[in-house]
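K.L.:
The structure under discussion is supplied below as structure tokens; questions concerning it will follow.
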Amino acid sequence: MKMKQKIGSFRKFGHFLSSMMMPNLSIFIAWGIINTFSKFTDGQVQELLVSTEEFLINILLPLLIAYFGGRKIEKIRGGTVSAIAVIGLIIGADSPQIVGAMLIGPLAAYSYHRINQFLETKIKEGYQMLLHNLLVGMIGSFFCLLGIFLFVPIINGINEGLSLSASWMIEHQLVPFVSLLIDPLKILFFNNAINHGVLTPLGLNMVSSNGQSILFLLETNPGPGLGILLAYAVKGNSLNKKNARTAFFIQLFGGIHEVYFPFVLMEPLLFVVVALSGFTGTFIFELFQVGLRYPVSPGSVFLILASTSSGSLLGVCLGILVSFILSFTLASIILKRRYLENETEKNQVEEPIKMTQFPLKVNKIIVACDAGIGSSAMGASLLRRNSQEKYGVIKIENQSVYDVVNNQTSLVLVHPQLEKILLENAPDVQVLLIENFLEINDMVTLLQNYPLEEIKQEKGLISQKENQLLEIVILFEKNIRGSQTMAIEMMRKKLDQQELNYTITKQAIETLVINKNCWYILTKEMEERQQLKLKTSFILEMASLFNMKEFEKWLQKVGE
């Protein structure tokens, strides 16, 4: 039981890493394209493109990783506080702070979330917006300074220590074991210090005496990365398959190894695969006594072969091929279990769809998968399109099983092997087990088991909430509108909690043209002066625009 809990925790950690990396995968592809294009230029143009590459990896990527990680913890301001926090690492460290962003960004967002949660109940209404802005600035700057004065020296010290370790291994004829160090560190962007500080200088010394150096092959061996990408292209989910195919050819022809890094970070067990396959490839290089005549950058297969002497071609090709095959094999085994897409499972004779007991009323259908952006998005789209003719407007969403909100009125369609994870996060939801989200006809047919009258009631409720737009305008006069701005922020929070489809704006009463479909909110004192009731009955008079209890009572009446 404890082992299963550890595996579940490990998987959740992998999912959290995935949620930070997956939205930013295109940055690696853009970086690879720009890097390849820069090889065909020179002079100022090449310098400009190289600077662009550095900004993409050193600044934009850590910022976005921290932003997405922060938003996973606190949706509204978590991304902002995380981005502020990671700036200190970006400015101070010598290497791209991908791992630092993954750690300090979510940590800053979590700190903001907990402190805000504690203070919000103790602050009078009207000061919440001020509290939020102060906390974001204070916590963001605190972690930013913490990064500069604490984390940056630690990270730079780690870089120096790793360089010394690699140098010691090489001096003691333990070259294959250097790969156990370099390949995993390459994924974390800790490789530059070792590569440029140790491997290249020592390699050039070996070339002057031997005519070639095995050290030039340690980081540039494309076998482990290509094996990972091919495994994703074959065994990954639908979204990862497409991305992996693109990345595979970019690394193969362009030599941009960074494109496979996010795929490893999404599944931490692949660090072991990268280390073992890199070790195996280097062992074969050393066994055949092969090397390259000069450093290769980028690590394209073609540039590697061009730098290889004719007597070393067999050993170099064999080392790359064996490391590629081993990486692909081990990664495929891991991903087969991870993404549940092997043919044996598809051909098993079992009931394809299982339904758990559900209540009569359901106001939301959720199609859930592991990441929430691949097969579930496709399934939700198909279900939405095919169910509308029979059942009318039903709220259908796609989500990650980790993000489903615990709500008794939600019906969740999920793969059987993800049911346990779903129920751990949302034990009260109603579950419909689906083996294959492409079996749309089975899903639509199964919805007929709902009592039709209850579906109609829910359809009406959803129509009222989701399709009918609630338009709200808060009025001000004589260009005095500070309190209205703060009130909008407070009211928007209450409207979001009700899951209403709304717009809320402010407007000067002097320029007001009455809209019969719009509700107008103003203070009682303003109504006494302006007599707006004579023009429209869609009015909410409030003693104070910050009285959210009064606003909530009005919302309930409007929704009836």
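The values are calculated or read from the model by the stated rules, or taken from the named source; none is laboratory data. On a predicted model such as this, the values are computed, not experimentally measured, just so you know. In this analysis, Cβ positions are derived from the backbone assuming ideal geometry, glycine residues included, and neighbour counts consider all displayed protein chains.
K.L.:
Could you list, in sequence order, all residues of region 202-237 that are of a type in the set (Ser, Thr, Tyr) and at pLDDT 90 or above?
P.N.:
Matches in region 202-237: 232 only.
K.L.:
Ok, one more. Restricting attention to region 450-459, does a residue exist that is modelled with pLDDT under 80 and in a loop (DSSP other than H, G, I, E, B)?
P.N.:
Going through region 450-459, the residues modelled with pLDDT under 80 turn out to be 450-459.
Still in the list and also in a loop (DSSP other than H, G, I, E, B): 450-451.
Yes: region 450-459 contains one or more residues that are modelled with pLDDT under 80 and in a loop (DSSP other than H, G, I, E, B).
K.L.:
Looking only at region 254-269, count how many residues are under 16 Å from residue 31 (Cβ atoms) and among the charged types (D, E, K, R). Spell out how you get there, then give the answer.
P.N.:
Step one: list which residues in region 254-269 are under 16 Å from residue 31 (Cβ atoms), which gives 254-263, 265.
Now restrict to residues that are among the charged types (D, E, K, R): 258.
Looking only at that region, the number is 1.
K.L.:
Exactly one condition in (1) assigned to a helix (DSSP H, G or I); (2) β-branched (Val, Ile, Thr); (3) surrounded by fewer than 14 Cβ atoms within 10 Å (Cβ to Cβ) is false for residue 41; which is it?
P.N.:
Here residue 41 meets the rest and fails (1).
K.L.:
Considering only residues that are outside any helix (DSSP H, G or I) and within 32 Å of the chain's Cα centre (by Cα), which ones fall in region 486-537?
P.N.:
Listed by number, the residues that qualify are 498, 499, 500, 501, 502, 503, 504, 505.
K.L.:
Here's another thing I want to ask about it. Within region 252-292, can you find the residues that are more than 20 Å from residue 178 (Cβ to Cβ) and either assigned to a loop (DSSP other than H, G, I, E, B) or not assigned by the TED database to the domain that holds residue 312 (or both)?
P.N.:
255, 256, 267, 268, 269
K.L.:
I would also like to ask the following. Considering each of 162, 135, 150 in turn, give the residue that is over 30 Å from residue 490 (Cα atoms), surrounded by 17 or more Cβ atoms within 10 Å (Cβ to Cβ), among the hydrophobic types (A, V, I, L, M, F, W, C) and not assigned by the TED database to the domain that holds residue 280.
P.N.:
Criteria check complete, one pass: 162.
The rows are residues; the columns are (1) hydrophobic (A, V, I, L, M, F, W, C); (2) at pLDDT below 85; (3) not in a loop (DSSP other than H, G, I, E, B).
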position	(1), (2), (3)
312	no, no, yes
319	no, no, yes
326	yes, no, yes
334	yes, no, yes
337	no, yes, yes
354	no, yes, yes
359	no, yes, no
362	yes, yes, no
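K.L.:
Suppose we filter region 112-170 for residues that are in contact with a helix residue (DSSP H, G or I) (Cβ under 7 Å, 6 or more places away or on another chain) and of a type in the set (Phe, Trp, Tyr); how many remain?
P.N.:
Residues meeting the conditions: 3.
K.L.:
Being in contact with a Phe, Trp or Tyr (Cβ under 9 Å, 6 or more places away or on another chain), charged (D, E, K, R) and farther than 28 Å from residue 244 by Cα is the requirement here; does residue 77 meet it?
P.N.:
Details: in contact with a Phe, Trp or Tyr (Cβ under 9 Å, 6 or more places away or on another chain): yes; charged (D, E, K, R): yes; farther than 28 Å from residue 244 by Cα: yes.
Yes; evaluated as a whole, the condition is true for this residue.
K.L.:
Still on this structure: Run down 322, 316, 290 and say which single residue is surrounded by fewer than 19 Cβ atoms within 10 Å (Cβ to Cβ) and in contact with a Gly (Cβ under 9 Å, 6 or more places away or on another chain). Step through it out loud before you land on a result.
P.N.:
Details: 316 fails: surrounded by fewer than 19 Cβ atoms within 10 Å (Cβ to Cβ); 290 fails: surrounded by fewer than 19 Cβ atoms within 10 Å (Cβ to Cβ).
Going through 322, 316, 290 in turn, just one is surrounded by fewer than 19 Cβ atoms within 10 Å (Cβ to Cβ) and in contact with a Gly (Cβ under 9 Å, 6 or more places away or on another chain): 322.
K.L.:
Determine which member of the set 284, 228 is in contact (Cβ under 8 Å) with a residue 12 or more places away in the chain and either farther than 21 Å from residue 33 by Cα or in contact with a strand residue (DSSP E or B) (Cβ under 8 Å, 6 or more places away or on another chain) (or both).
P.N.:
Residue meeting the stated conditions: 284.
K.L.:
Only one of 380, 368 is at pLDDT 75 or above, in contact with a Leu (Cβ under 8 Å, 6 or more places away or on another chain) and outside the structural domain of residue 236 (by the TED database); which?
P.N.:
368
K.L.:
Here's another thing I want to ask about it. Say whether the condition of being outside the structural domain of residue 123 (by the TED database), polar (S, T, N, Q) and on the phi > 0 side of the Ramachandran plot is met by at least one residue in region 529-537.
P.N.:
Yes, region 529-537 contains at least one residue that is outside the structural domain of residue 123 (by the TED database), polar (S, T, N, Q) and on the phi > 0 side of the Ramachandran plot.
K.L.:
Does residue 261 count as of a type in the set (Phe, Trp, Tyr) and either at pLDDT 90 or above or touching an Asp or Glu at 6+ places or on another chain (Cβ under 8 Å) (or both)?
P.N.:
no
K.L.:
Taking the conditions exactly as written (buried (at least 24 other Cβ atoms within 10 Å of the Cβ), of a type outside the set (Ser, Thr, Tyr) and at pLDDT below 90), does residue 199 satisfy them or not? I'd like the intermediate steps shown before the answer.
P.N.:
Values: buried (at least 24 other Cβ atoms within 10 Å of the Cβ): yes; of a type outside the set (Ser, Thr, Tyr): yes; at pLDDT below 90: yes.
The answer is yes for residue 199.
K.L.:
Among what's in region 293-305 and is under 35 Å from the mean Cα position of the chain (by Cα) and outside any helix (DSSP H, G or I), pick the residue that is surrounded by the fewest Cβ atoms within 10 Å (Cβ to Cβ).
P.N.:
Looking only at region 293-305, we keep the residues that are under 35 Å from the mean Cα position of the chain (by Cα), and these are 295-304.
So of that shortlist, the ones also outside any helix (DSSP H, G or I) come out as 295-300.
Details: 295: 19, 296: 21, 297: 15, 298: 19, 299: 20, 300: 22.
It comes out as 297.
K.L.:
From (1) within 21 Å of residue 232 (Cβ to Cβ); (2) surrounded by 18 or more Cβ atoms within 10 Å (Cβ to Cβ), pick out the condition that doesn't hold for residue 74.
P.N.:
Every listed condition holds for residue 74 apart from (1).
K.L.:
For region 498-531, how many residues are of a type outside the set (S, T, N, Q) and free of Cβ contacts under 8 Å to residues at least 24 places away in the same chain?
P.N.:
Summing the residues that are of a type outside the set (S, T, N, Q) and free of Cβ contacts under 8 Å to residues at least 24 places away in the same chain in region 498-531 gives 7.
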